[in-house]
1. Could you tell me how many of the residues in the range 229-257 are in contact with a Leu (Cβ under 8 Å, 6 or more places away or on another chain) and open to solvent by 80 Å² or more (accessible area, probe 1.4 Å)?
2. Can you tell me which residue among Glu286, Glu291 is outside any loop (DSSP other than H, G, I, E, B) and open to solvent by 60 Å² or more (accessible area, probe 1.4 Å)?
3. Any idea which of Leu282, Leu268 is closer than 16 Å to Ile319 by Cα and in contact (Cβ under 8 Å) with a residue 40 or more places away in the chain?
4. Would you pick out the residues in the range 303-322 that are open to solvent by 70 Å² or more (accessible area, probe 1.4 Å) and free of Cβ contacts under 8 Å to residues at least 24 places away in the same chain?
5. Any idea which of (1) β-branched (Val, Ile, Thr); (2) over 19 Å from Leu252 (Cβ atoms); (3) in a strand (DSSP E or B) is the one Val346 doesn't satisfy?
6. Out of the range 199-212, which residues are open to solvent by 70 Å² or more (accessible area, probe 1.4 Å) and under 18 Å from Tyr93 (Cβ atoms)?
7. Suppose we filter the range 166-198 for residues that are part of a strand (DSSP E or B), surrounded by 13 or more Cβ atoms within 10 Å (Cβ to Cβ) and of a type in the set (Ser, Thr, Tyr); how many remain?
Amino acid sequence: MSSNLIFLCSLQCVLILILLAVLIYLFIQLKDQRRINRSMKLANSDLEIALRQASRAKQVLETHLDRENLLLNNTSGMVLVHKVDENSLPGRYIEVNDAACKRLNRSREELLEKSPLDIEHIETPVSALGYTKSDVVTMSDADVAKRHSDFVTRPARNLMMKILSEGHATYERVYISGSGELIPVEISARRIDVGDDTIVMCEVNDVTARKHAEDALMASEQRFQDFFARSPIGIALYDRNRNLIKVNQSCLRMFGIPDFDQFARFNLFDNPFIPASAKQHLKKGETVRYEAHVDFGDVAGHGIFVTTRVSGEAYYDIIIAQMTHDREFKPRGYFAQIQDITDRRVAEEELLANEQHLRQSEKMEAIGSLAGGIAHDFN
């Protein structure tokens, strides 16, 4: 009886211990679950915050992209964006605006398959490739293509390195449109870092009109230079302060003056051979035309200027006029036109002398006729 009682008591104790162990385990599990639940709540809260931030970032990015796209396609100039390849050369275009597609006469899809080197017109003179025209006959097409590629890519790589190092560059190129038209452009390129990638945005302005104007101006300047150099009329140009800028050879030959510096000493605005009335108008800056009578004997004797003509006299018809005016209505300079009229003056003086001689002869003939008449009457 006592042994059974002891067994039951032992069993009961074991059961109680097992129950306590189970309760302790459940308590620990409950505590861990609460901690896990709290962690889950915190994690969910952080996730919700991250999702909200990501959503806001996405909205900002979409707004930014929409704004960039709006600006890209509503600017009058061309905008082309390209990558930079592993060789530091301009890579394929990743974005182009509508203006670029329209001016280059190419579709967006076509441009996105090309790089700047594909649409640039680059003239390759034979001498620049390091061989003569006769060498082309003996060289293979592959050799010619390689040298041409080296000629093209070297300056392109140098330019790209400049953009990457300095962040921007402005340069000129000639694009080829889809129809084959050559379009001179001015490109303002700047580096943009997007994450780990680097792209180059090019704002391109069509400068065809400017080039035409520059060519027309250059042609006009060349015509003026030709006229200035070959004109038989003496021409001298002065700045607003009446300092000599330029004088042509015809003018130097007229005075026998050897060079520019010596002609500058012969001041067309103030010298002993200018009539007093003309000097007054010259002081006022008015357009003046006067006749200068130069005695080269006096010039040599007084050392007025250096000349190869050491004797004799000459007459010059001189016109001095203002050039255009600036915004303050001050003259930008003066233009002098000089003609040697010595031969005309000599001819006029000879004609005048002949006329006087003729008048004198006619007068003497009339007097002779009168005297003859009187003598006849007396007889």
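The values are calculated or read from the model by the stated rules, or taken from the named source; none is laboratory data. Note that the coordinates shown come from a computational prediction; the quantities given were computed from them, not determined experimentally. All Cβ positions, glycine included, derive from the backbone under ideal geometry; neighbour counts span all protein chains shown. Just the protein is used for accessible areas: all its heavy atoms, side chains included, with ligands, DNA and RNA removed. Shrake-Rupley method; radii C 1.70, N 1.55, O 1.52, S 1.80 Å.
1. Adding up the residues that qualify gives 1.
2. Working: Glu286 fails: outside any loop (DSSP other than H, G, I, E, B).
Going through Glu286, Glu291 in turn, the sole match is Glu291.
3. On the way: Leu282 fails: in contact (Cβ under 8 Å) with a residue 40 or more places away in the chain.
Sole residue among the options that is closer than 16 Å to Ile319 by Cα and in contact (Cβ under 8 Å) with a residue 40 or more places away in the chain: Leu268.
4. Those that are open to solvent by 70 Å² or more (accessible area, probe 1.4 Å) and free of Cβ contacts under 8 Å to residues at least 24 places away in the same chain: Val310, Ser311.
5. (3)
6. Filtering the range 199-212 for residues open to solvent by 70 Å² or more (accessible area, probe 1.4 Å) gives 203, 205, 209-210, 212.
The answer is Glu203, Asn205.
7. Keep residues of the range 166-198 that are part of a strand (DSSP E or B), which gives 168-176, 182-194, 197-198.
When the remaining residues are screened for being surrounded by 13 or more Cβ atoms within 10 Å (Cβ to Cβ), the result is 169, 171, 173-176, 183-191, 198.
This time we only want the ones that are of a type in the set (Ser, Thr, Tyr), so: 171, 175, 188, 198.
Looking only at that region, the number is 4.
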